[in-house]
Amino acid sequence: MTAEALRIALPPGYRVQDALAFHGRDAQALGERVEGTRIRKGVLLDGVALVLDVRIDADAGVAECLVDIGDTGDSGGAGAPAGARVSARAREAIAGMLGLRIDPAAFARFIADDTLFAPLVARRPGLRVIQAATVFEALTWAIIGQQINLPFAISLRRSFIEQAGRAHPSGLWCYPEAVDVARLDIEQLTSRKFSRAKAETLLRLARLVADGALDLAPDLAHAASGDPDAVSARLLAVKGIGPWTVNYALLRGYGYPDCSLHGDVAVRSAIGRLLGSQTRPSIAEAEAFLQAYRPHRTMAAAYLWASLDTSAA
């Protein structure tokens with residue numbers, strides 16, 4: 001095993017709990033483990049099994065990170081130029097895992113005089129959108145978790161990692177890449193409580209990506225300020241992937257700052273509560289409501305989700 005050390009600066013007032021809560025959702029800690037302010041996550045990048053070991057020191061304003069390379073699988077070795085590529089992807093993954101791609105300050109300025117959102121921001125200043133380590137992870141999680149409760153979704157995700165991922169020498173399991181999932185047959189998923197529709201969509205997506213017919217490579221510089229229409233069109237062309245899945249992937253995978261989650265049940269419930277309504281708005285009504293917060297709808301969704309959490313900020 002080899003390891004690369006990284007040091008990432010954190011912004012003032014960085015909310016450690018946002019990252020810890022997101023990456024600590026699976027109590028069984030198969031692929032991610034949170035201990036204090038340390039996050040360890042297994043992931044396959046270019047066929048290389050890695051554990052991203054992130055120690056957050058918000059007081060010092062830094063995250064000390066180790067990229068722990070377990071084995072190279074089918075990649076043929078992690079030497080240059082493959083090693084440099086994996087290192088760059090690991091840096092991108094950690095930036096997403098820490099929620100550093102979208103600056104929440106822009107949204108705070110935008111809604112400073114907004115009577116609805118200003119109180120939400122005041123309760124949780126600096127809230128960050130924590131992301132998955134890869135676009136493929138964000139997409140597959142969206143497919144796995146859609147229209148089922150969170151505990152069941154987490155158990156399915158755990159099965160998915162066990163079926164297609166790879167064990168790292170540290171004991172964590174690494175989230176699979178498309179090529180790993182593409183090797184599965186549908187019965188391996190349906191026998192583990194996946195609906196046939198979910199299993200078919202997961203395998204269809206994985207095989208398109210593995211065959212090179214669908215490019216998920218994130219253009220992170222473009223995502224910071226650009227129009228995600230081209231990415232959306234590519235994803236919507238995949239049978240079984242709809243607008244909600246696409247917007248979730250744009251938010252949790254690519255880090256686009258203006259994703260409209262109007263189809264999300266929790267977002268719609270939060271909008272209803274924010275407006276003092278006893279009923280949840282329709283998808284069309286939620287979409288119209290969120291239009292007023294362009295080009296910051298990603299942060300609007302984050303604060304709407306957070307508003308449903310009654311625990312301390």
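Compute the whole-percent fraction of alpha carbon pairs in the chain spaced more than 27 Å apart. Present the calculation step by step, with values, prior to reporting the outcome.
Numbers: 20523 of 48828 pairs.
Tail fraction, whole percent: 42.
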Item to check | Value of Rg to Rh for segment 65-207 (Rh from inverse mean 1/r over Cα pairs, i.e. Kirkwood) | outcome: 1.06
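Helix-only estimate, please: 222 nm mean residue ellipticity of the chain, summing -39500 (n - 2.57) across DSSP H runs of length 4 or more and dividing by its residues, to the nearest 500. Don't jump to the answer; show the numbers that get you there.
Details: 15 runs with 140 residues, N = 313.
Dividing the helical sum by the residues of the chain leaves -13000 deg cm²/dmol.
Mind putting a number on the dipole of segment 101-156 about its Cα centre? Charges go on the C-beta only, +1 for Lys and Arg and -1 for Asp and Glu, and I need it in Debye to the nearest 20.
Working: 5 positive and 4 negative charges, 27 e Å.
Value, rounded to 20: 140 debye.
What whole-number value in cubic angstrom gives the convex hull volume per residue for the C-alpha atoms of segment 119-191? Provide the component values of the computation, followed by the final result.
Working: hull volume 10.4 nm³, N = 73.
Normalising the Cα hull of segment 119-191 by residue number yields 142 Å³.
Taking all pairs of different Cα atoms in segment 2-102, averaging 1/r and flipping that mean, what Kirkwood radius in angstroms comes out?
On the way: mean 1/r = 0.0716 Å⁻¹.
Hydrodynamic radius (Kirkwood, Cα only) of segment 2-102 equals 14.0 Å.
Can you check how the C-alpha radius of gyration of segment 237-313 compares to 2.2 N^0.38 Å, as a plain ratio? Walk me through the numbers on the way to the answer.
Values: Rg = 12.6 Å, N = 77, 2.2 N^0.38 = 11.5 Å.
Relative to the rule-of-thumb radius for its length, segment 237-313 sits at 1.10.
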Checklist entry - Assuming R0 = 51 Å, what is the FRET efficiency of Ala210 and Asp309, from their Cβ-Cβ distance, to the nearest 0.05? => result 0.85
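Using a simple charge model, +1 on the beta-carbon of Lys and Arg, -1 on the beta-carbon of Asp and Glu, nothing else, what dipole does segment 2-102 show about its Cα centre, in debye to the nearest 20?
Values: 12 positive and 14 negative charges, 50 e Å.
That gives segment 2-102 a dipole magnitude of about 240 debye.
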Checklist entry - ³J(HN,Hα) across segment 176-192 via Karplus (A = 6.51, B = -1.76, C = 1.60, θ = phi - 60°), whole Hz, x for Gly/Pro? => result x, 9, 4, 4, 6, 6, 4, 7, 6, 10, 5, 5, 5, 8, 5, 6, 10
Item to check | Unit charges on C-beta of K, R, D, E only; dipole of the chain, Debye | outcome: 640
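Could you work out how much longer the chain between Ala237 and Thr37 gets when fully extended? Use 0.36 nm per residue separation minus the Cα distance between them, nm to one decimal. Don't skip to the end; give the middle numbers.
Working: separation 200, 0.36 × 200 = 72.00 nm, distance 4.01 nm.
68.0 nm is the gain from fully extending Ala237 to Thr37.
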Checklist entry - Please identify the trypsin sites (Lys or Arg not before Pro) of segment 145-208 that satisfy two criteria: DSSP loop assignment and at most 13 other Cβ atoms within 10 Å. Which are they? => result Lys193
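Quick note: the coordinates plus some simple rules give every number you see, no bench work behind them. All values derive from a computational prediction rather than experimental measurement. No Cβ is skipped: glycine too gets one built from the backbone with ideal geometry, and neighbour counts run over all protein chains shown.
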